[in-house]
Amino acid sequence: MTKKSPCALGLAVLLSWLIILPADSWADPQAAGQRAGEVSRMIPAVNIARSGKTIPAAAKTIVNWQDLVNTQVNARARIALDDGSVLNVGSDSSINVVKHDAGAQQTELELTYGKLRTQAQKIAKPDGKFEVRTPAGVAGVVGTDFFVEYANNTMNVIVFEGLVKVCNLAGVCVLVKAGQMTSVRSGDNSGPLPPQQATLDLLVASSKDTDTGAPAAAAGAGAHLGVWGTVGIVVGAVGVGLGVGLTRGGTPVQRGCNPNNPKACG
(Lines give C-alpha, C1' and ligand atoms only; values in the text may rest on other atoms or scores of the structure.)
Protein backbone atom coordinates (compact mmCIF):
# COMPACT_ATOMS: atom_id res chain seq x y z
CA MET A 1 0.00 0.00 0.00
CA THR A 2 1.31 3.46 -0.98
CA LYS A 3 1.57 5.97 1.86
CA LYS A 4 1.05 9.69 1.26
CA SER A 5 3.78 11.99 2.48
CA PRO A 6 2.95 14.58 5.18
CA CYS A 7 3.58 17.38 2.63
CA ALA A 8 1.14 15.91 0.13
CA LEU A 9 -1.47 15.46 2.85
CA GLY A 10 -1.03 19.05 4.01
CA LEU A 11 -1.37 20.33 0.44
CA ALA A 12 -4.58 18.37 -0.03
CA VAL A 13 -6.04 19.85 3.17
CA LEU A 14 -5.08 23.38 2.08
CA LEU A 15 -6.69 22.94 -1.36
CA SER A 16 -9.87 21.59 0.23
CA TRP A 17 -10.02 24.59 2.57
CA LEU A 18 -9.63 27.02 -0.34
CA ILE A 19 -12.42 25.30 -2.26
CA ILE A 20 -14.95 25.52 0.57
CA LEU A 21 -13.94 29.07 1.60
CA PRO A 22 -16.51 31.68 0.46
CA ALA A 23 -15.26 33.44 -2.67
CA ASP A 24 -15.87 36.93 -1.33
CA SER A 25 -13.47 36.33 1.54
CA TRP A 26 -10.40 35.97 -0.71
CA ALA A 27 -11.34 37.22 -4.16
CA ASP A 28 -10.77 40.90 -3.31
CA PRO A 29 -7.39 41.43 -1.61
CA GLN A 30 -7.88 45.23 -1.81
CA ALA A 31 -9.77 45.90 1.38
CA ALA A 32 -8.66 46.96 4.86
CA GLY A 33 -5.02 48.01 4.79
CA GLN A 34 -4.91 49.39 1.26
CA ARG A 35 -3.76 52.98 1.04
CA ALA A 36 -6.40 55.64 0.34
CA GLY A 37 -4.34 58.77 0.98
CA GLU A 38 -2.65 60.63 3.82
CA VAL A 39 -3.21 63.36 6.39
CA SER A 40 -1.86 66.56 4.82
CA ARG A 41 -2.75 69.00 7.60
CA MET A 42 -4.37 68.82 11.02
CA ILE A 43 -5.20 70.61 14.24
CA PRO A 44 -4.68 68.17 17.16
CA ALA A 45 -6.00 65.92 18.39
CA VAL A 46 -6.91 63.52 15.59
CA ASN A 47 -6.93 59.73 15.90
CA ILE A 48 -7.26 56.90 13.40
CA ALA A 49 -8.96 53.65 14.45
CA ARG A 50 -7.46 50.74 12.49
CA SER A 51 -7.79 47.00 13.09
CA GLY A 52 -8.79 47.47 16.71
CA LYS A 53 -5.97 49.93 17.43
CA THR A 54 -5.99 53.72 17.88
CA ILE A 55 -3.25 55.62 16.08
CA PRO A 56 -2.49 59.30 16.87
CA ALA A 57 -2.49 61.10 13.53
CA ALA A 58 0.08 63.62 12.33
CA ALA A 59 0.99 65.21 9.00
CA LYS A 60 1.93 62.51 6.46
CA THR A 61 0.13 59.77 8.42
CA ILE A 62 -1.18 57.22 5.92
CA VAL A 63 -4.95 56.70 5.71
CA ASN A 64 -6.08 53.27 4.54
CA TRP A 65 -9.33 51.70 3.39
CA GLN A 66 -11.64 51.00 6.36
CA ASP A 67 -9.81 53.53 8.58
CA LEU A 68 -12.02 55.50 10.97
CA VAL A 69 -10.78 59.09 11.33
CA ASN A 70 -11.91 60.75 14.57
CA THR A 71 -11.39 64.41 15.47
CA GLN A 72 -11.77 65.69 19.01
CA VAL A 73 -13.37 68.97 20.06
CA ASN A 74 -11.65 71.92 18.28
CA ALA A 75 -9.56 69.50 16.20
CA ARG A 76 -9.69 69.25 12.40
CA ALA A 77 -7.99 67.21 9.70
CA ARG A 78 -7.31 67.52 6.00
CA ILE A 79 -6.94 64.23 4.13
CA ALA A 80 -5.44 64.19 0.64
CA LEU A 81 -6.83 61.19 -1.24
CA ASP A 82 -4.69 59.51 -3.86
CA ASP A 83 -6.85 60.70 -6.79
CA GLY A 84 -6.36 64.35 -5.82
CA SER A 85 -9.63 64.74 -3.89
CA VAL A 86 -9.48 66.48 -0.51
CA LEU A 87 -11.45 65.73 2.66
CA ASN A 88 -11.67 68.48 5.29
CA VAL A 89 -12.95 66.90 8.51
CA GLY A 90 -14.47 69.27 11.07
CA SER A 91 -14.09 69.10 14.84
CA ASP A 92 -15.85 66.42 16.90
CA SER A 93 -16.44 64.32 13.77
CA SER A 94 -16.04 60.71 12.71
CA ILE A 95 -15.56 59.54 9.12
CA ASN A 96 -14.95 56.03 7.81
CA VAL A 97 -12.93 55.81 4.59
CA VAL A 98 -14.73 52.69 3.41
CA LYS A 99 -13.11 52.59 -0.03
CA HIS A 100 -10.98 54.75 -2.31
CA ASP A 101 -9.87 53.18 -5.57
CA ALA A 102 -8.19 56.04 -7.41
CA GLY A 103 -7.71 54.08 -10.63
CA ALA A 104 -11.33 52.93 -10.86
CA GLN A 105 -12.65 56.23 -9.46
CA GLN A 106 -14.63 54.41 -6.78
CA THR A 107 -14.90 56.23 -3.46
CA GLU A 108 -17.19 55.46 -0.53
CA LEU A 109 -17.16 57.48 2.69
CA GLU A 110 -19.32 57.25 5.81
CA LEU A 111 -19.86 60.29 8.04
CA THR A 112 -21.06 58.84 11.33
CA TYR A 113 -21.40 62.26 12.94
CA GLY A 114 -19.94 65.73 12.61
CA LYS A 115 -18.93 67.83 9.60
CA LEU A 116 -17.09 67.12 6.36
CA ARG A 117 -16.23 69.30 3.39
CA THR A 118 -15.34 67.29 0.30
CA GLN A 119 -13.51 68.60 -2.77
CA ALA A 120 -13.82 65.72 -5.21
CA GLN A 121 -12.04 65.21 -8.51
CA LYS A 122 -14.23 65.04 -11.60
CA ILE A 123 -15.56 61.56 -12.31
CA ALA A 124 -14.56 60.60 -15.86
CA LYS A 125 -15.28 56.86 -15.89
CA PRO A 126 -18.84 55.62 -16.62
CA ASP A 127 -18.92 53.40 -13.52
CA GLY A 128 -17.08 55.86 -11.31
CA LYS A 129 -18.68 57.19 -8.13
CA PHE A 130 -17.90 59.38 -5.14
CA GLU A 131 -20.40 58.98 -2.29
CA VAL A 132 -20.70 60.27 1.25
CA ARG A 133 -23.14 58.29 3.38
CA THR A 134 -24.71 59.23 6.72
CA PRO A 135 -27.32 57.42 8.81
CA ALA A 136 -29.91 59.67 7.11
CA GLY A 137 -28.95 59.54 3.44
CA VAL A 138 -26.37 59.64 0.66
CA ALA A 139 -24.67 62.46 -1.25
CA GLY A 140 -23.25 61.43 -4.62
CA VAL A 141 -21.11 63.76 -6.71
CA VAL A 142 -19.53 64.15 -10.15
CA GLY A 143 -16.61 66.48 -9.50
CA THR A 144 -17.61 69.14 -6.98
CA ASP A 145 -17.01 70.97 -3.71
CA PHE A 146 -19.61 70.40 -1.02
CA PHE A 147 -20.22 70.31 2.74
CA VAL A 148 -22.03 67.59 4.70
CA GLU A 149 -23.10 67.77 8.34
CA TYR A 150 -24.80 65.02 10.32
CA ALA A 151 -26.15 65.84 13.79
CA ASN A 152 -29.36 65.18 15.72
CA ASN A 153 -30.54 62.66 13.10
CA THR A 154 -30.36 65.27 10.34
CA MET A 155 -28.09 65.39 7.29
CA ASN A 156 -27.42 68.88 5.90
CA VAL A 157 -25.74 69.38 2.51
CA ILE A 158 -24.39 72.65 1.08
CA VAL A 159 -22.88 72.79 -2.42
CA PHE A 160 -20.05 75.22 -3.22
CA GLU A 161 -19.28 74.06 -6.76
CA GLY A 162 -20.74 71.51 -9.18
CA LEU A 163 -23.79 69.32 -8.68
CA VAL A 164 -24.69 66.91 -5.87
CA LYS A 165 -27.38 64.23 -5.85
CA VAL A 166 -28.78 63.92 -2.32
CA CYS A 167 -30.97 60.92 -1.49
CA ASN A 168 -32.66 59.54 1.60
CA LEU A 169 -32.26 55.86 2.46
CA ALA A 170 -35.48 55.06 0.60
CA GLY A 171 -33.92 56.29 -2.66
CA VAL A 172 -35.87 59.55 -3.02
CA CYS A 173 -33.42 62.13 -4.41
CA VAL A 174 -32.98 65.81 -5.25
CA LEU A 175 -30.27 67.56 -7.29
CA VAL A 176 -28.50 70.40 -5.49
CA LYS A 177 -26.61 73.04 -7.48
CA ALA A 178 -23.80 75.40 -6.52
CA GLY A 179 -24.91 77.89 -3.88
CA GLN A 180 -27.84 75.69 -2.77
CA MET A 181 -28.54 73.53 0.26
CA THR A 182 -30.90 70.78 1.39
CA SER A 183 -31.46 68.50 4.38
CA VAL A 184 -32.95 65.10 5.15
CA ARG A 185 -33.85 63.47 8.46
CA SER A 186 -33.27 59.85 9.41
CA GLY A 187 -36.35 57.74 8.77
CA ASP A 188 -38.01 60.38 6.59
CA ASN A 189 -39.18 58.51 3.49
CA SER A 190 -40.67 61.62 1.89
CA GLY A 191 -37.23 62.66 0.66
CA PRO A 192 -34.81 65.57 1.15
CA LEU A 193 -36.13 69.13 1.35
CA PRO A 194 -36.36 70.99 -1.98
CA PRO A 195 -33.01 72.73 -2.69
CA GLN A 196 -32.84 76.35 -1.52
CA GLN A 197 -30.30 79.12 -1.93
CA ALA A 198 -27.76 79.23 0.89
CA THR A 199 -26.92 82.54 2.51
CA LEU A 200 -23.42 83.96 2.45
CA ASP A 201 -23.25 83.70 6.25
CA LEU A 202 -24.02 79.99 6.12
CA LEU A 203 -21.50 79.34 3.35
CA VAL A 204 -18.76 81.14 5.27
CA ALA A 205 -19.66 79.37 8.52
CA SER A 206 -19.62 75.90 6.95
CA SER A 207 -16.26 76.65 5.33
CA LYS A 208 -14.78 77.83 8.64
CA ASP A 209 -16.09 74.75 10.43
CA THR A 210 -13.81 72.51 8.35
CA ASP A 211 -10.87 74.86 7.72
CA THR A 212 -7.51 73.55 8.96
CA GLY A 213 -5.89 76.98 8.92
CA ALA A 214 -4.05 76.85 5.59
CA PRO A 215 -3.75 80.33 4.05
CA ALA A 216 -5.88 80.76 0.93
CA ALA A 217 -2.86 81.86 -1.14
CA ALA A 218 -0.90 78.74 -0.23
CA ALA A 219 -3.86 76.45 -0.76
CA GLY A 220 -4.14 77.35 -4.44
CA ALA A 221 -7.24 77.87 -6.55
CA GLY A 222 -10.38 75.94 -7.34
CA ALA A 223 -10.95 72.94 -5.11
CA HIS A 224 -8.28 74.03 -2.60
CA LEU A 225 -9.47 77.53 -1.81
CA GLY A 226 -9.60 78.77 1.76
CA VAL A 227 -12.53 80.48 3.47
CA TRP A 228 -12.31 83.82 1.68
CA GLY A 229 -11.49 82.23 -1.66
CA THR A 230 -14.72 80.29 -1.26
CA VAL A 231 -16.61 83.49 -0.54
CA GLY A 232 -15.41 84.94 -3.82
CA ILE A 233 -16.81 81.98 -5.75
CA VAL A 234 -20.21 81.71 -4.10
CA VAL A 235 -21.16 85.32 -3.50
CA GLY A 236 -22.51 85.68 -7.02
CA ALA A 237 -24.61 82.53 -6.69
CA VAL A 238 -26.01 83.46 -3.32
CA GLY A 239 -27.07 87.05 -3.97
CA VAL A 240 -28.20 89.45 -1.29
CA GLY A 241 -31.07 89.40 1.20
CA LEU A 242 -32.22 85.81 0.66
CA GLY A 243 -34.68 84.66 3.29
CA VAL A 244 -34.52 80.89 2.90
CA GLY A 245 -34.31 78.55 5.86
CA LEU A 246 -32.76 75.20 6.71
CA THR A 247 -32.29 73.06 9.79
CA ARG A 248 -28.73 72.86 11.06
CA GLY A 249 -28.39 70.03 13.50
CA GLY A 250 -32.18 69.70 13.54
CA THR A 251 -32.75 73.32 14.61
CA PRO A 252 -34.52 75.70 12.20
CA VAL A 253 -32.31 78.66 11.33
CA GLN A 254 -33.52 81.97 9.91
CA ARG A 255 -31.56 83.08 6.85
CA GLY A 256 -31.05 86.50 5.27
CA CYS A 257 -31.28 88.31 8.60
CA ASN A 258 -28.58 90.89 9.38
CA PRO A 259 -28.41 91.46 13.17
CA ASN A 260 -26.97 94.91 12.51
CA ASN A 261 -30.11 95.84 10.62
CA PRO A 262 -33.20 95.05 12.75
CA LYS A 263 -35.56 95.97 9.90
CA ALA A 264 -34.13 93.20 7.76
CA CYS A 265 -35.09 90.64 10.38
CA GLY A 266 -38.77 91.46 10.21
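The values are calculated or read from the model by the stated rules, or taken from the named source; none is laboratory data. Quick caveat: nothing in here was measured; it's all calculated off a predicted structure. Every residue, glycine as well, gets a Cβ built from its backbone with ideal geometry; the counts of neighbours run over all protein chains shown.
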ask   = Among (1) among the hydrophobic types (A, V, I, L, M, F, W, C); (2) touching an Asp or Glu at 6+ places or on another chain (Cβ under 6 Å); (3) crowded, with 24+ Cβ neighbours inside 10 Å, where does Val138 come up short?
value = (3)
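Give Thr54, Thr107, Thr71 a once-over and let me know the one that is of a type in the set (S, T, N, Q) and under 22 Å from Gly143 (Cβ atoms). So that I can check it myself, show each step before the final result.
Details: Thr54 fails: under 22 Å from Gly143 (Cβ atoms); Thr71 fails: under 22 Å from Gly143 (Cβ atoms).
Within the list Thr54, Thr107, Thr71, the selection yields Thr107.
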inquiry  = Looking at (1) at pLDDT below 60; (2) basic (Lys, Arg); (3) touching a strand residue (DSSP E or B) at 6+ places or on another chain (Cβ under 9 Å), which one does Lys3 not meet, given that it meets all the others?
reply    = (3)
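Somewhere in the stretch 194-210, is a residue over 23 Å from Arg41 (Cα atoms), in contact with a helix residue (DSSP H, G or I) (Cβ under 8 Å, 6 or more places away or on another chain), of a type outside the set (D, E, K, R) and not in a loop (DSSP other than H, G, I, E, B)? Show your work before the answer.
Applying the first criterion (over 23 Å from Arg41 (Cα atoms)) to the stretch 194-210 yields 194-202.
Filter again for in contact with a helix residue (DSSP H, G or I) (Cβ under 8 Å, 6 or more places away or on another chain), leaving 197-200.
Keeping just the survivors that are of a type outside the set (D, E, K, R) gives 197-200.
Filter once more, keeping what is not in a loop (DSSP other than H, G, I, E, B): 197, 200.
Yes: one or more hits.
So in the stretch 67-90, with the set limited to residues that are of a type in the set (S, T, N, Q) and within 17 Å of Ile43 (Cα to Cα), which one is surrounded by the most Cβ atoms within 10 Å (Cβ to Cβ)?
Going through the stretch 67-90, the residues of a type in the set (S, T, N, Q) turn out to be 70-72, 74, 85, 88.
From what's left, within 17 Å of Ile43 (Cα to Cα): 70-72, 74, 88.
Details: Asn70: 23, Thr71: 25, Gln72: 14, Asn74: 10, Asn88: 22.
Per the stated criteria, the residue is Thr71.
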message = One residue is enough: does the stretch 181-194 have a residue meeting the conditions in contact (Cβ under 8 Å) with a residue 24 or more places away in the chain and either closer than 17 Å to Val89 by Cα or in contact with a Gly (Cβ under 6 Å, 6 or more places away or on another chain) (or both)?
response = yes
task = Identify, by number, the condition in (1) farther than 24 Å from Ala170 by Cα; (2) touching a Ser or Thr at 6+ places or on another chain (Cβ under 9 Å); (3) basic (Lys, Arg) that Lys125 doesn't meet.
result = (2)
